[in-house]
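K.L.:
I'd like to ask you about the structure that follows.
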Amino acid sequence: DPEAEERPVQRQGRACRQSKRVAVTEPRASSSLSVSPDSIPDVFFLRVRLEETGEMFRVANCRSDMTVRELKEELDLMVGIPLNLQRLQYLDEGVLMDNSTLKFHDVAPGGVISLCIWHYDGWTELVLAAVEGDPSKLSCLGISEESFYRTANSQNFQGERWKQWTSQRACVALYITSHRGHVDTVRYLLEHGADCLGRTPLGRTPLHVVAAMGRLDCIGPLLEYGASIHDRDARGETPIAIARRLKRRQSERTMFLLYWLAKSGAKDPNDLLLKEVLQKGSSSGKSKKS
């Protein structure tokens with residue numbers, strides 16, 4: 001029957017036309033979800049995912065004209081990863097250049113930025129072990145001069161160069177474990193020679209990041225090994241100033257009290273009054289969490 005043969009063809013023609021309509025209308029629907037430049041607030045927050053661990057961090061006070069470099073400086077504190085180890089990506093997986101702005105990359109408020117660790121010189125393994133707070137893993141990753149750990153870059157290092165290389169790794173491990181509040185691992189690193197006065201490229205010490213995150217338990221060990229509340233980072237901020245800016249009131253109070261104790265002559269970290277202050281601060285922080 002010729003008419004019967006034509007009907008399927010007609011149905012197929014309608015189906016093709018319908019699919020074409022869908023193909024045309026779908027992009028319009030998706031484009032309506034995009035954020036208009038005029039509707040972007042002056043200040044907004046972003047989410048940052050540390051890809052190696054899956055951790056998600058919220059970063060406030062972002063702006064469209066904020067440079068990637070400025071964002072990295074905030075992540076140095078908020079994520080606890082030194083700026084020189086950070087590699088940022090957004091949507092298309094391309095690396096964001098330091099001098100470009102969030103607006104240039106069409107970063108939307110509340111969007112997710114991917115933070116990856118540069119894959120060189122064994123840094124990824126060190127960061128993972130520090131985030132986990134595992135002393136046994138860290139001890140095998142070149143944090144002391146006695147270590148047998150080598151990378152392609154460090155295999156021929158000797159003398160002062162080898163000492164600097166292991167010292168830098170120990171400082172990074174201490175910075176990250178302090179940020180995460182792994183107090184036992186912080187003590188382990190300090191006991192095995194990690195320098196509590198070591199700085200990130202932005203001039204920040206472990207005490208800066210402890211103040212930023214409110215890790216009161218870690219204040220005591222750092223002070224015992226000589227950490228200074230007066231050290232300023234590249235922005236001129238002391239640990240106290242950072243605690244104030246981020247509204248870490250308990251950290252700020254503890255820092256102020258420690259400053260007063262130092263002024264009054266209680267410079268010995270083993271001073272009973274100092275220990276009592278630190279214990280009160282730690283117990284207060286724990287009670288708030290519970």
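The values are calculated or read from the model by the stated rules, or taken from the named source; none is laboratory data. Computed from a predicted structure; not experimentally measured. No Cβ is skipped: glycine too gets one built from the backbone with ideal geometry, and neighbour counts run over all protein chains shown.
K.L.:
What helices (runs of 4 or more DSSP H) lie completely within region 165-239 and have 2 or more residues being over 19 Å from the mean Cα position of the chain (by Cα) and surrounded by fewer than 18 Cβ atoms within 10 Å (Cβ to Cβ)?
P.N.:
Numbers: elements: 183-191, 206-213, 219-224.
Passing ranges, in order: 183-191.
K.L.:
I'm told residue 147 meets every condition in (1) surrounded by 14 or more Cβ atoms within 10 Å (Cβ to Cβ); (2) in a loop (DSSP other than H, G, I, E, B); (3) at pLDDT 95 or above except one. Can you identify the failing condition by its number?
P.N.:
Unmet for residue 147, out of (1) surrounded by 14 or more Cβ atoms within 10 Å (Cβ to Cβ); (2) in a loop (DSSP other than H, G, I, E, B); (3) at pLDDT 95 or above: (3).
K.L.:
Taking into account only those residues within region 97-125 that are aromatic (Phe, Trp, Tyr) and surrounded by fewer than 16 Cβ atoms within 10 Å (Cβ to Cβ), which is farthest from residue 54 (Cα to Cα)?
P.N.:
Going through the qualifying residues, I end up with 104.
Each row is one residue, and each column tells you yes or no for (1) under 28 Å from residue 152 (Cβ atoms); (2) in contact (Cβ under 8 Å) with a residue 60 or more places away in the chain; (3) among the hydrophobic types (A, V, I, L, M, F, W, C).
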| residue | (1), (2), (3) |
| --- | --- |
| 64 | no, no, no |
| 70 | no, no, no |
| 76 | yes, yes, no |
| 83 | yes, yes, yes |
| 97 | yes, no, yes |
| 105 | no, no, no |
| 112 | no, yes, yes |
| 124 | yes, yes, no |
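K.L.:
While we're looking at this one, here's another question. Name the residues in region 53-73 that are surrounded by 17 or more Cβ atoms within 10 Å (Cβ to Cβ) and outside any strand (DSSP E or B), would you?
P.N.:
64, 66, 68, 71, 72, 73
K.L.:
With the requirement that a residue be in contact with a Leu (Cβ under 9 Å, 6 or more places away or on another chain) and of a type outside the set (Lys, Arg), what does region 86-97 give you?
P.N.:
Hits for region 86-97 are 86, 88, 89, 90, 95, 96.
K.L.:
Which one of the conditions (1) within 21 Å of the chain's Cα centre (by Cα); (2) at positive phi; (3) not basic (Lys, Arg) does residue 159 fail to meet, given that it meets all the rest?
P.N.:
Status for residue 159: all satisfied but (1).
K.L.:
Another one. Run residue 136 past the list (1) among the hydroxyl-bearing types (Ser, Thr, Tyr); (2) within 20 Å of the chain's Cα centre (by Cα); (3) loosely packed, with under 14 Cβ neighbours inside 10 Å and report the number of the one that doesn't hold.
P.N.:
Failed condition: (2).
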